Amino acid sequence: MAKRHLSVEKRARQNIKRNRRNRVVKSAIRGALKQAAASSDPAQIPKLATNAQRVLDRAVSKRVIPKNRAARLKSRLMKKAALAKKAGAVD
């Protein structure tokens, strides 16, 4: 049987830890974006969009997602928020 190197075992442990941590952050991102996009109350949209932006910025600072991806997601979110706000004002 081949000997396993200690550095390989340590790297595997680190990857498992990081994977768990990143999964929690990515789940929070998806939840915040879905919550903001699904909101039907025009008064709540800015608050939910701000919260989603905060979650995205936190993920970038933790290096879970790239900053350009966060910027793209925030841009799309704000476009949806503007459309929803405009539709809410018309109704």
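Every residue in the stretch 2-35 that is modelled with pLDDT under 90 and either of a type in the set (A, V, I, L, M, F, W, C) or in contact with a strand residue (DSSP E or B) (Cβ under 7 Å, 6 or more places away or on another chain) (or both), please. Listed by number, the list holds a single entry, Ala2. Do we have any residue at all in the stretch 65-78 that's touching a residue at least 12 places away in the same chain (Cβ under 8 Å), of a type outside the set (Asp, Glu) and part of a loop (DSSP other than H, G, I, E, B)? Yes, the stretch 65-78 has at least one match. From the set of residues in the stretch 55-91 that are among the basic types (Lys, Arg) and over 22 Å from Arg20 (Cβ atoms), which is farthest from the chain's Cα centre (by Cα)? Per the criteria, the residue is Lys86.
The values are calculated or read from the model by the stated rules, or taken from the named source; none is laboratory data. Note that this is a predicted model, so its numbers are computed, not measured. A quick note on method: Cβ atoms are made from the backbone with ideal geometry, for glycine too, and the neighbour counts reach across all protein chains shown.
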